[in-house]
1. So for the stretch 147-266, taking the charge dipole from beta-carbon charges (+1 Lys/Arg, -1 Asp/Glu), which of Pro167, Ile193, Ser242 sits furthest toward the positive end?
2. Projecting each Cα onto the charge dipole of the stretch 317-461 (Lys/Arg +1, Asp/Glu -1 at the beta carbon, about the Cα centre), which of Gly384, Phe418, Gly447 comes out farthest on the positive side?
3. Taking the Cα centre of the chain as origin, sum charge times position over the Cβ atoms of Lys and Arg (+1) and Asp and Glu (-1), and report the length of that vector in debye to the nearest 20.
4. Relative to the first principal axis of the alpha-carbon coordinates of the chain, what is the inclination of helix 2-17, with its axis defined by its Cα atoms, in degrees from 0 to 90 and to the nearest 10?
5. Kirkwood hydrodynamic radius (Cα pairs, Å) of the stretch 78-121?
6. With +1 on each Lys and Arg Cβ and -1 on each Asp and Glu Cβ, how big is the dipole of the stretch 281-422 about its Cα centre, in debye rounded to the nearest 20?
7. In the stretch 61-150, which trypsin sites (Lys or Arg not before Pro) fall in coil by DSSP and have 14 or fewer other Cβ atoms within 10 Å?
8. Taking the Cα centre of the chain as the origin and placing charges on Cβ (Lys, Arg +1; Asp, Glu -1), which of Pro113, Phe398, Trp87 is farthest toward the positive end of the dipole?
Amino acid sequence: MKKLLLISAVLGALFLSGCISGERLARNTPFASGNNSFYRDGVNLFPLYYQEGVNRSILFPLIDIDDRGFAVRPFYHKDKDEHGILWPLAAFNKTGGWAGPVVWGQETYGFFPLFISGKHTLWVFPASWYDNENDFGVLPFFVKNYDLLWVFPASWYRDEKSFGVLPLFCRYKDFFWAGNVFKTDDMFLIFPIYGRGKGWFYFLNYIQGETRAIKYYAFFPLAYYSRSLERPQSEFYSPLFSFEFDRGELDMLNIGMLLYHYYYGKHHVFYPIAEVDFEKDAQQFWLWPLFKYSKHYDSSFPVFLFDCESMPDGSLVHVKLLYPFLFEYKYIKNLSCHKTEILPWGALWYSDITAKDAECRLLCGALWSSKVAENAYDFRVLWGAVCLNSKDADSRRFSLLYKFFSYHRFKDEVKWEFFPFIKIMETSKGNSWSFCWRLLEKHDGGGHIFFIPWGKREDEK
C-alpha cells in the first residue's frame, strides 16, 4: 500500500508544479495583491498592456514577463526553475517532470499508468512491489505487506488480530460490526431498533440519557422532558403543551401551539396574531394587523394599521399609521424634537422640529421646503421658483422665478436685479445701476452707453 501512496505523491507533485503557469497569470495582472497601477508609476491598459515595476503583461493572457521568468502561451513558460512546453502536455524542473505519459524524478521514471520504477518501488499495471518491506499487490484483488493481508473481499491485520469480509463483517480491536449490529467498549447498537451507550439509551422512539448538567427523557417526536442536576430547573415540550420552570418561576407556557403562549411576562393569544404584555412597568398589547400599543420603546418592524409606542416617563412618543407607508410621528423629550412623516420617507410631508432648528418639506421639497436655525433660514416654493434665505443676521436674500427678480442685502450693501433688464446696487460709497447690462449703465464716476465706457470708477482715479 505504501508504494501506491509514494507513486501517487510523486505524480501529484509533478502535476501541481505545472500550476505555476496559472500563478503567473494572476501575478502579472492589476488584480494581483499589491498591484495597483492607478495609484503607482505604471501603465494599465489591461488586457492589451500592463506594467507594474518589473511585471509586464502583453495581450493577456498570451505574454507576460517578470523577474522570475516569462511566458508565451500556450507554447512555453519559465518561472525560476520551472519550465512548461505546451502545458499541460509537458513540464519539468530540477527534480523531475513529465512529457505526455512519460514521468521522471528523484530516481523515479515510468510510463504512466502502465509502468513506474523507483528506488524501492516497481509498478507494472496492475501489480506493484516495495523492496524494503517485501510488499506485493495486485489491486484490487490481492495485497500483502508486513501487517496486512487482503484477498478480496477478506482482510487480516496481524498486530491487531483483526479480520473482516467487507461489506458484511468486520472485527478490529475494540470494534465489531456485522450488518446493522455495531459494538464498541462503550456502545452497542442494533440500528435503528435498540442502542445503549455511556449515559444514554434508546429503544425504538424512546430515548433517555444523562450528562453532567441535565437528565432527559424523550418520546420522539411527541414529547421531551429534562431537568437540571445543578439547580431547580426543568422543561417539557410537546406539540400541544410545553413549559419551562427556573428556580420555581414559570418562564414559558404554551397551550395548543398558537392558542395561548406565555414567555417572560408576555401573553400571546393566537400567537403571533395578538399579544398582551404586563411585565413590570411595561405594558404592551397588539392585534395584528389592526393595532399595537406599547408603553416602552419597541423598534419592531411588522406593519400595523395603527401602532403607538411611548415611554412611561413621557420621554418618547411614537405613533405610526400603516408604517412605513402612510404616517409617522415621533416626539423625543430630551431633544425637544417633533418629527412627522406622511407617505414613505416623507414623500408628501416631512417635518423635523427641535428647540434649535426646524426643517419642513412638502412633496419632497418640490412645492415647499424650509430650514430654520437661529439667525439662518431658507424657504423655497415650487422647486425654488420663490426663494428666501439668510445665512446670518447680516445677510438676506430673496429671489423670484429663479433669480428673474432678486433682492440681496449684505451688511450695508443692497442689490436689486430684474434680470436681464435692470440692476441696482446701493453701497456706503455710492449707488450704481444698469439697464440691459451695459446698454445703459451708471456707476461712481462713469458708466456705459451702448457698451461704450465713459468716465472712471472712483477706485480707478
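Read-outs: derived from the displayed coordinates by stated rules, not from any lab. None of the values given here were measured: they were computed from a predicted structure. Neighbour counts are summed over all protein chains in view; Cβ atoms, including those assigned to glycine, are modelled from backbone coordinates with ideal geometry.
1. So the residue furthest toward the plus end is Pro167.
2. Of the listed residues, the answer is Gly384.
3. The calculated dipole for the chain is roughly 780 debye.
4. That helix lies at roughly 30 degrees to the long axis.
5. After inverting the mean inverse Cα-Cα distance, the result is 10.8 Å.
6. Using Cβ point charges on Lys, Arg, Asp and Glu, the stretch 281-422 gives about 380 debye.
7. Lys80, Lys94, Lys119
8. Trp87
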